[in-house]
């Protein structure tokens, strides 16, 4: 029967155990599971095989003559860091197996184990590799279109951010990135990852506020088949997908209280438990978090766990809003023009002086995300030549006048900036409040509350 186009490819495996009966069994059964296998009678033979070939997965006994299982795992990781390792242990104590997990093993099985257990574990390895391959394919595709994501700016504020990244990047410390919506917190998280020893491993980002509460645990930690209605198959969680690399928990302030306790346990123990399973799995990930909210205020209002706040803010990076780094606008605008504007005759990546002046005098409540929207809009209107102020969006020009008037009256308050961002988002979406709330990163209820508060203040003024 021909292989289906979407069927996952079999693994290239190495099996090492000094029990002759197990060697013969694996020679027969592993190919029946759809995988290729090289069988070795001891650790030294396994090490020699690792020097000759690359393997997707190794399944090794912990107690073998010559080299033990942990030494074989170390050799495998040295030759190919992406190789997944599963250990077999015949001891009643799991201490040695846990030690192997800390050395980078994917999981362990206790002898005697059933073939169905081995098959299920290999399926998990296969699923993880498929997800990792898809992730890298998507990253490469995006980079080929837009170029590698990078932080742009030479202002004092951005210089400080770059300095903090260079200091914390090479460590394994948990990082908390603080900044307003649209300032580029994910770019900072990626920069931390790229400056670390995990740079060649996955960087997995998840927006904690974008998932339904009943799905967050499954997304982060995975689930077993049949764990709940709709769980028709085993699912590998994002913590496992990010193993060896970095997981970025964006908008962690939106994480439900019930999940905050579970996340705290994972951060302290480095173990996850999939939904529907009792067994824990070791994970080796660096955690970077971000939020636009004030976590201390949330703790005071009993919306965020104090112990979790202290656990994730080992090292804080404050990302300045665009209004505090206006000198970076020309460089940012040129980068965005290169991204949005088609290459070819009659097109350049420049802005006229009047356009730059308009951009630099705006208050930018939507930060770099708003600037990207403005530049994309302008590239659509401009057929050729440089971008001028007439190509800027109408709502931008209208709000620009309002912003200029307010600047003459005095500095804007935080509430003024907040309402400026809300009105601009409503303008962009023709008054559609759900879409405006989604763009702003707030709930629809919060949007209505802020609009009502603004109306009340205007009536009482």
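Coordinate-derived values only; no laboratory data. None of these values were measured; they are calculated from a predicted model. A quick note on method: Cβ atoms are made from the backbone with ideal geometry, for glycine too, and the neighbour counts reach across all protein chains shown.
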message: Can you tell me how region 233-344 classifies by the Cα gyration tensor, rounded, prolate or oblate, using a/c under 1.5 as the rounded cut?
response: oblate
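Mind running the shape call on region 149-320? Use the C-alpha gyration tensor, a ≥ b ≥ c as the square roots of the eigenvalues: rounded below 1.5 for a/c, prolate if a/b tops b/c, oblate otherwise.
Working: a/c = 2.03, a/b = 1.52, b/c = 1.34.
Judged from the Cα gyration tensor, region 149-320 comes out prolate (a/c at least 1.5, a/b above b/c).
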query: When you count, for each residue, the other Cβ atoms within 10 Å and take the mean per peptide, how do 77-86, 265-274 rank with the highest first?
result: 77-86, 265-274
field: Residue order, fewest to most surrounding Cβ atoms within 10 angstrom, among 428, 339
entry: 339, 428
field: Approximate spin-label separation residue 267-residue 444, in nm, with each point projected 7 Å along Cα-to-Cβ
entry: 3.2
- prompt: At what distance in angstrom do the alpha carbon centres of region 307-337 and region 255-304 lie from each other?
  reply: 24
query: Is region 12-124 best put as rounded, prolate or oblate by its Cα gyration tensor, with a ≥ b ≥ c the root eigenvalues, rounded for a/c under 1.5, and otherwise prolate when a/b is larger than b/c, oblate when not?
result: rounded
query: Roughly what % of DSSP beta bridges within region 149-320 run antiparallel, to the nearest 5?
result: 20
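Contour minus end-to-end for residue 300 and residue 25, with contour as 0.36 nm per residue of separation and end-to-end as the Cα-Cα distance?
Values: separation 275, 0.36 × 275 = 99.00 nm, distance 6.03 nm.
Taking 0.36 nm per residue and subtracting the Cα distance, the gain is 93.0 nm.
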